[in-house]
Amino acid sequence: MTVQIQIRRGTAAEWTAADPTLAEGELGVELDTDKFKIGNGVDDWGTLPYATGPTGPTGPTGPTGPTGPTGATGATGAGVAVGGTTGQVLAKVSATDYDTTWVTPTAPPVDSVNGQTGVVVLDAADVGAEPADATILKDADIGVTVQGYSAVLAGTTASFTTADETKLDGIAAGAEVNVNADWNATSGDAQILNKPTLYSDASVDTHLNTGTAGTGEILSWNGTDYDWVAASTGTVTSVTGTSPVASSGGATPDISLASGYGDTQNPYASKTANFVLAAPDTANGVPTFRAVVAADIPTLNQHTTGTAANVTGTVAIANGGTGATTLAAASIATYTGAETLTDKRINPRTSSTASTATLTPDISAFDQYNLTAQAVGLTVAAPTGTPVDGNKLIIRILDNGTPQTINWNGTYTAIGMTLPTTTTANKMIYVGCVYNSTNTRWDVIALTTQV
């Protein structure tokens with residue numbers, strides 16, 4: 001008899017999901033990895049290691065792969081700046097490491113003179129024969145290039161101080177300290193250069209009258225010379241006025257408004273309270289400021305007694321009244337009262353739109369909404385406004401010849417019917433709704449489709 005023995009088996013995922021504990025010596029094989037584990041009766045599958053044999057010999061080295069792409073250029077390494085000429089030295093350009101450049105060295109500063117440091121005092125023995133311009137030391141006098149030193153000359157009456165240095169620094173090259181007092185000098189030391197051209201004394205005297213001016217006189221050009229002349233003066237001899245301004249004339253006239261203007265005084269000046277500018281009462285004449293009289297007010301074409309703000313009695317309909325003393329007697333309906341209207345037509349408020357993706361009725365604005373050529377799927381949203389119990393709303397829908405879907409907001413509650421979810425091509429749909437304030441919903445109580 002042939003006996004077939006099968007070892008526990010499954011995919012790696014199935015073993016991981018089941019995570020069993022194999023009995024001691026029990027085999028478990030992963031069919032998709034060809035790996036297996038041998039149970040020890042204690043560890044579950046996830047903890048139990050795979051069974052492995054001894055490491056085999058190293059196989060032969062495979063062929064060399066293709067050369068990879070060239071890597072990015074690395075950062076510039078540290079080193080000595082290129083270039084430079086004989087005698088130049090490297091100098092730091094910034095605080096960054098290795099940031100250097102080749103420069104020509106300058107003469108070093110003098111650390112000491114004749115063994116002296118700091119502020120050095122020099123006398124004739126230090127510099128040899130005193131030069132002609134002994135108040136200023138020159139490089140040639142000392143025999144070295146002097147940088148950044150202060151010096152005081154000994155054995156002389158002059159001192160060369162920091163203040164002197166500052167003063168000399170402000171003088172342009174070639175300038176002279178002492179200016180020649182002669183304005184017209186054209187040679188010699190320190191003459192003034194680039195002087196503006198001035199009139200000579202003779203020329204000025206020729207055109208300017210240098211005589212003494214009298215009180216109130218002014219210089220006036222007469223076409224040839226300047227002379228002192230008396231300033232022109234004059235007096236007002238006459239002032240006239242243009243209507244409505246009137247003038248009495250003469251050098252000191254009286255100015256007023258013409259009498260025909262309506263007031264012999266300025267009409268904009270202060271007047272008696274409640275006075276108006278009006279013609280004389282019951283006669284033609286020049287207007288004046290006066291009180292209003294009864295004759296100034298025209299007779300009104302109505303029956304009134306008392307004041308205009310308090311009409312008493314019954315005003316006839318022919319005179320603009322109601323012919324009654326109460327609204328009820330006059331058969332006038334009020335906004336909030338409970339009245340019965342007989343033989344009256346109330347026109348519905350209607351809104352018409354060809355097509356829209358969303359219809360949001362506004363009950364405060366319209367009672368009926370008409371869609372005349374609906375061309376897209378329609379969503380009927382909850383009405384806005386402030387409805388009261390019993391408000392009516394009619395929705396009429398006609399597609400454009402192609403059936404369109406209809407989605408209804410949950411506020412529309414169908415009573416004894418099912419709301420349509422699509423239109424019928426070229427067929428009118430009427431949906432009648434009544435507001436239910438108890439449930440705060442719109443009850444759909446009427447639905448009909450054109451046949």
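The values are calculated or read from the model by the stated rules, or taken from the named source; none is laboratory data. These numbers come from a predicted model, not from an experiment. Backbone-built Cβ (ideal geometry, glycine too); neighbour counts: all protein chains shown. Calculation scope for accessible area: heavy atoms of the full protein, side chains included, ligands and nucleic acids excluded. Shrake-Rupley method; radii C 1.70, N 1.55, O 1.52, S 1.80 Å.
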message = If I ask for residues that are in a strand (DSSP E or B) and either in contact (Cβ under 8 Å) with a residue 40 or more places away in the chain or in contact with a helix residue (DSSP H, G or I) (Cβ under 8 Å, 6 or more places away or on another chain) (or both), which ones from region 362-377 would you list?
response = GLN374
ask   = How about region 402-451: which strands (runs of 3 or more DSSP E) wholly inside it have at least 2 residues that are within 24 Å of PRO348 (Cα to Cα) and open to solvent by 60 Å² or more (accessible area, probe 1.4 Å)?
value = 441-449
query = Give me the pairs: first residue in region 89-108 and over 19 Å from ALA75 (Cα atoms) and open to solvent by less than 60 Å² (accessible area, probe 1.4 Å), second residue in a loop (DSSP other than H, G, I, E, B) and not hydrophobic (A, V, I, L, M, F, W, C), beta-carbon distance under 8 Å, and six or more apart or on different chains, which are they?
reply = VAL103/GLN88; ALA107/THR145; ALA107/GLN147
ask   = Can you tell me which residue in region 233-259 is farthest from THR288 (Cα to Cα), limited to those that are open to solvent by 90 Å² or more (accessible area, probe 1.4 Å) and modelled with pLDDT of 75 or more?
value = THR252
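From the set of residues in region 339-376 that are among the hydrophobic types (A, V, I, L, M, F, W, C) and open to solvent by 80 Å² or more (accessible area, probe 1.4 Å), which is nearest to ARG441 (Cα to Cα)?
Looking at residues that are among the hydrophobic types (A, V, I, L, M, F, W, C) and open to solvent by 80 Å² or more (accessible area, probe 1.4 Å), I get ILE346.
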ask   = Counting only residues that are open to solvent by less than 80 Å² (accessible area, probe 1.4 Å) and at pLDDT below 70, how many does region 288-305 have?
value = 2
key: Near pairs, Cβ below 9 angstrom, 6+ apart or cross-chain, from region 12-36 (loosely packed, with under 14 Cβ neighbours inside 10 Å) to any residue that is in a helix (DSSP H, G or I)   = LEU31/ALA12; LEU31/GLU14; ASP32/ALA12; ASP32/ALA13; THR33/ALA12
task = Would you confirm whether any residue within region 391-400 is among the β-branched types (Val, Ile, Thr) and part of a loop (DSSP other than H, G, I, E, B)?
result = no
request  = Out of ASP227, ASP263, ASP281, report the one residue that is outside any strand (DSSP E or B), surrounded by 13 or more Cβ atoms within 10 Å (Cβ to Cβ) and either basic (Lys, Arg) or modelled with pLDDT of 75 or more (or both).
outcome  = ASP281
key: Selected residue (only one of GLY83, GLY46 is under 30 Å from TYR98 (Cα atoms) and assigned to a loop (DSSP other than H, G, I, E, B))   = GLY83
